[in-house]
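Structure, as structure tokens:
The values are calculated or read from the model by the stated rules, or taken from the named source; none is laboratory data. Quantities reported herein were computed from a predicted structural model and do not represent experimental measurements. So basically every Cβ, Gly included, is an ideal-geometry build from the backbone, and we count neighbours across all protein chains shown. In case anyone asks, the SASA skips ligands and DNA or RNA and just uses the protein heavy atoms, side chains included. Shrake-Rupley method; radii C 1.70, N 1.55, O 1.52, S 1.80 Å.
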Amino acid sequence: MNDLRTIERARTAIVIGGGVAGPVAALALQKAGIEATVFEAYKPGTGSRGGPLGLASNGLNALGVVGADRVLADAGIATPRMIIHSGSGKVLGTVESSAGLPTNTTLPRGRLTELLQAHAESSGIRFVYGRRFVDAVDTGRSVIAQFDDHTTAEADVLIGCDGIRSAVRASLDPASPKPRYTGLIGLGGFSTADPLGATDTGGSFHMVFGRRAFFGHVSDGTRTGWFANLPFKTFTREQLRETSFDGWIALMRKLFADDNSAALTILDHVTPETFIPPSPLEDLPHVPVWSKGRIALIGDAAHATSPSSGQGASLAAESAVELARCLRDLPVAQAFQAYEDRRRDRVERVIATAARTNQSKAAGPVAARFRDALMPFFMERFTTPEKMAWQYAHTIDWDEPARAARSLCTASRLPRDRPDRSPESRGRSTMAGDPPKCHTPKMDSPSAPAASAAADPQPSLGSGSAVPPLAPVPPQGPPPAKPGRSARLVVGTVAGAALFLAGLGVGIAIGDDPGGDDGSSDLEAVKEECAAGSSDIRVGDGGETLTIDRMGAAESPGATFTQFDCIVEELGIPDSVLDRIENTRALDGYQDASFAEYAASWTYHPDDGLNMTITVAG
């Protein structure tokens, strides 16, 4: 007898979650001839308002498949460019939207959810509010959802769109990973009737790499959206809740006091009514199981990228459309695997890129100088429309028939061994009793490889953030003017920061150091402390020479700015030497300097980066 799991086509669907992914999924399923009902835990008007959220051109393309792009046309602020500044006000670069693609738009997350729900309901989609998903039973012929009010619902398939803390994901795979904190807390707001003292930015979203934190804003002269990303290593949700509005404003004023930006002016006009309380920025680097039987995940439930990416809502819309297309043309099991085959590489590429760039929003003084000096070069080279087309020009051809993957797997692929993966996800093996994992070849992916706000009461700000509470002053203050060894700000590469400028976001992490006096360690100890295992930083000549290769190189980069920042601290390299390194140009050739008991020599070229040798002076 044939197994109905492999031959049946879905005709009805339960959609859990009414944020971004849920309504789009229901609309796409309807377009595919599948009747969908959306169950949302929150009643209208009681979910998260959210801060400014960016919808990128690829997301708008996906929304266009179900006609939802039209209802957003006047709801947001058209944002065709980003202008990136240093804390001093210097323009580090500008990123323009690509010609021929829909113009990026910025609007409040809560408003986006309201509009998508209204559009779906007006299109005949049934919504059931106030019911929270508890569990599901797959009977083999159908799936039965169970809710907290002891009611049930039955359909051919169940689609989990219930956010980064998905109850559907937990039911599907109890061993699924937990969200990963990025080291940032985000807060901000969106005023629809008061510009908050900001002038019309002419469609530009201004992003500022401040001296202590990160700030962004956009305004059309009437509406203004803003966000702050504040670095903080640890926190409790009680601290977040108990810190007052006045406490947060006072903290942000302190953090942005020395920056040349609109931050202080906007903060002077923010009211409790337009303020979005803080929430931690989190992601899910790899969710091993996207589907099982008649249940599948989309949006943040399957592939949550940190809000810094600027792609969360757009990727959710893409996945919703792709899953519906696969269910239209294939039996359930094949449809779920074909959907994952087309989506996993792309979304995990975005998540990984955002995770790397999450290390650049609040650099330490040393790395910030190099970031600001080199970022214009990297932006010019790496944030061109051609370089970013894999992300922003992505489209889904609804009319093209979906084809099954060549090899059907009921479990997800093993994660790649990427450095940005959490230790828990790296090397995760197949669970006992699970079928073997496999890697299925791409068939008809239209692009190169690569959350539901209402479902999660924690607001998500469209460009990331992080900060501690404890009114009025957090348990750990803003970073000192020069970071000490006990609280080093770990900074990502300038190339990663440049990718953020194209909309991929940035962040910060704070790492502890064992302590000691600057400059007291020998070069072997410095290598072990700052770059253990790295082949781009080496010690030779019996521990007398430290070599740094290709730091910041445009092609095949070597040593990282994080590692160099650590070496600067460990050896106590003075500002006078750092000034000379920073100002070295390609035509300057071989340069040298001495400090303490060391002699340093170096060369710099954009293609080859900084190549430097530090030797114990004889």
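Of note:
- Of all residues in segment 384-415, those satisfying the criterion of being modelled with pLDDT of 75 or more and open to solvent by less than 20 Å² (accessible area, probe 1.4 Å) are Met388, Gln391, His394, Ala402, Ala405.
- Residue in segment 243-262 that is among the β-branched types (Val, Ile, Thr) and over 21 Å from the mean Cα position of the chain (by Cα) present: yes
- Which listed residue is among the β-branched types (Val, Ile, Thr), surrounded by 17 or more Cβ atoms within 10 Å (Cβ to Cβ) and either more than 30 Å from Leu264 (Cα to Cα) or touching a Gly at 6+ places or on another chain (Cβ under 7 Å) (or both), from Thr106, Thr151: Thr106
- Boolean, Leu187 is over 24 Å from Ala317 (Cβ atoms), in a strand (DSSP E or B) and in contact with a Pro (Cβ under 6 Å, 6 or more places away or on another chain): yes
- Which listed residue is under 30 Å from Ile185 (Cβ atoms), surrounded by fewer than 21 Cβ atoms within 10 Å (Cβ to Cβ) and of a type outside the set (Phe, Trp, Tyr), from Arg70, Arg81: Arg81
- Of Gly609, Gly618, Gly533, all but one fail to be open to solvent by 40 Å² or more (accessible area, probe 1.4 Å), modelled with pLDDT under 85 and at positive phi; the exception is Gly533.
- Residues that are in a helix (DSSP H, G or I), of a type in the set (Asp, Glu) and either over 27 Å from Arg294 (Cα atoms) or touching a helix residue (DSSP H, G or I) at 6+ places or on another chain (Cβ under 7 Å) (or both) are absent from segment 55-75.
- Some residue of segment 546-569 being of a type in the set (Val, Ile, Thr), at pLDDT 85 or above, part of a helix (DSSP H, G or I) and out of contact with any Leu (no Cβ under 8 Å at 6 or more places or on another chain): no
- Restricting attention to segment 1-15, the residues that are within 19 Å of Cys161 (Cα to Cα) and either open to solvent by less than 80 Å² (accessible area, probe 1.4 Å) or at pLDDT below 90 (or both) add up to 5.
- Some residue of segment 59-66 being under 23 Å from the mean Cα position of the chain (by Cα), crowded, with 24+ Cβ neighbours inside 10 Å and within 23 Å of Arg169 (Cα to Cα): no
- Subset of segment 554-595 [touching an Asp or Glu at 6+ places or on another chain (Cβ under 8 Å), among the aliphatic types (A, V, I, L, M) and within 21 Å of Val539 (Cβ to Cβ)]: Ala559, Leu571
- Failed item in (1) of a type in the set (Ser, Thr, Tyr); (2) open to solvent by less than 60 Å² (accessible area, probe 1.4 Å); (3) part of a loop (DSSP other than H, G, I, E, B), with Thr199 passing the rest: (2)
- Subset tally (residues that are assigned to a helix (DSSP H, G or I), closer than 19 Å to Lys31 by Cβ and open to solvent by 10 Å² or more (accessible area, probe 1.4 Å)) for segment 291-338: 2
- Of everything in segment 580-591 that is surrounded by 11 or more Cβ atoms within 10 Å (Cβ to Cβ) and either of a type in the set (Asp, Glu) or not in a helix (DSSP H, G or I) (or both), the residue that is modelled with the highest pLDDT is Gln591.
- Residue match in segment 33-54 (condition: open to solvent by 60 Å² or more (accessible area, probe 1.4 Å) and among the acidic types (Asp, Glu)): yes
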